[in-house]
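Below is one structure; the comments refer to it alone.
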Amino acid sequence: MCYEDNDRPPLPEGSRGPASGEDLVLTSADGTQFAAYLALPGGSPSALALILPDVRGLHGFYKDLALRLAEVGIAAIGLDYFGRTAGLTPRDDTFEFWPHVQETRFPSILADAQASLAEARRRVGESTPSFTIGFCFGGTNSFFCGMEEGLGLTGVIGFYAGMKRDFGSGTLLDRAPQLRVPALGLFGGADQGIPVEQVEQFDQRLDQSGVEHEIIIYPGAPHSFFDRRAVEFADASADAWTRVRAFIARYS
């Protein structure tokens, strides 16, 4: 598990404006209903972020993250992966996610991402620069989304994205040269599940593809370091916030 149930995202530095959020039920192209959460800033957003959660789906952490993004002027929508196998039940710590993760494949994630982006763009404008931000399982899927021309993405961001797991579309490390849009990757140097050597290989393969990218490794930081309860990694979390906002601003 990437976080505990009561963990919440670190607060971004700087001024924070008003934001509002709402739970949604959206329908994918195959007719599946799935849960989503949309957060909007008080004024016109500078960009739109699609949040791709970790293996737990649309947990409260990601609803709070959407609000944090909206408070700094970035509209955000988070989606849940498991509408096809778990319906619309809550994604708290009582949810046994692994059986549903094992049944999830990228084509269904892609379809739900398309439906989420369509709804968010309907609210904020079709021309709003659009990004994905993913974590763990979602970090991998964030980069996979950046390989899909039909999503109309401006850029992709992945926190501690797994390199070697194959959920039906190949591994991220193998498919890295297919990335189409600018990318930001954020990794922990002490992540036992994602060795630094794999992250460096990923960086090298992106170099070969010619796509604009930035790969950051935080020495000593573990998997899921982006958590304000882990006080000892507050500096890495604060720097990650800064880099996420700068990346979105650079390409918006």
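Would you kindly identify the strands (runs of 3 or more DSSP E) lying entirely within region 1-98 that contain at least 2 residues that are within 20 Å of A240 (Cβ to Cβ), at pLDDT 95 or above and not charged (D, E, K, R)? Break it down into steps so the answer makes sense when it comes.
Numbers: elements: 19-27, 33-41, 47-52, 74-79.
Hits in region 1-98: 47-52, 74-79.
Looking at G170, G146, just one residue is farther than 10 Å from L52 by Cβ, crowded, with 23+ Cβ neighbours inside 10 Å and out of contact with any helix residue (DSSP H, G or I) (no Cβ under 8 Å at 6 or more places or on another chain), and that residue is G146.
Within region 173-206, the set of residues being free of Cβ contacts under 8 Å to residues at least 24 places away in the same chain and either among the basic types (K, R) or buried (at least 16 other Cβ atoms within 10 Å of the Cβ) (or both) comprises just one member, D203. Scanning region 120-142 for residues that are under 15 Å from P53 (Cβ atoms) and either in a helix (DSSP H, G or I) or small (G, A, S) (or both) returns G134, F137, G138, G139, T140, N141, S142. For the residues A238, A230, the requirement of being farther than 10 Å from F187 by Cβ, among the hydrophobic types (A, V, I, L, M, F, W, C) and modelled with pLDDT under 90 singles out A230. Can you tell me which residue within region 74-118, out of those that are out of contact with any strand residue (DSSP E or B) (no Cβ under 6 Å at 6 or more places or on another chain), charged (D, E, K, R) and touching a residue at least 12 places away in the same chain (Cβ under 8 Å), is nearest to I51 (Cα to Cα)? Per the criteria, the residue is R91. Hey, can you tell me all the residues within region 193-237 that are among the small types (G, A, S) and over 17 Å from the mean Cα position of the chain (by Cα)? Result: G193, S209, G210, G220, A221, A230, A234, A236. The single condition among (1) outside any helix (DSSP H, G or I); (2) within 25 Å of R68 (Cα to Cα) that T242 does not satisfy is (1).
For region 74-108, the set of residues classified as surrounded by fewer than 23 Cβ atoms within 10 Å (Cβ to Cβ), over 16 Å from H59 (Cα atoms) and within 17 Å of the chain's Cα centre (by Cα) consists of T104, R105, F106, P107, S108, listed by residue number.
Filtering Q208, Q198, Q204 for residues that are at pLDDT below 95, assigned to a helix (DSSP H, G or I) and over 25 Å from A49 (Cα atoms) leaves a single hit, Q208.
For region 146-179, filtering for residues that are outside any helix (DSSP H, G or I) and modelled with pLDDT under 95 leaves 7. Could you give me the residue pairs with C-beta distances under 8 Å whose first residue belongs to region 21-39 and is within 21 Å of A49 (Cβ to Cβ), whose second residue is of a type in the set (F, W, Y) and in a strand (DSSP E or B) wherever it lies, and which are 6+ apart or on separate chains? Hits for this filter: G21/Y37; E22/Y37; D23/Y37; L24/Y37; V25/F34; L26/F34; S28/F34. The set of residues in region 151-168 being within 18 Å of the chain's Cα centre (by Cα), more than 25 Å from T242 (Cβ to Cβ) and small (G, A, S) consists of G152 alone.
When region 114-143 is filtered for residues that are surrounded by fewer than 18 Cβ atoms within 10 Å (Cβ to Cβ) and closer than 15 Å to A47 by Cβ, the ones remaining, listed by number, are R121, R123, G125, E126, S127.
The values are calculated or read from the model by the stated rules, or taken from the named source; none is laboratory data. Just so it is clear, the model here is predicted, and its values are computed rather than measured. A quick note on method: Cβ atoms are made from the backbone with ideal geometry, for glycine too, and the neighbour counts reach across all protein chains shown.
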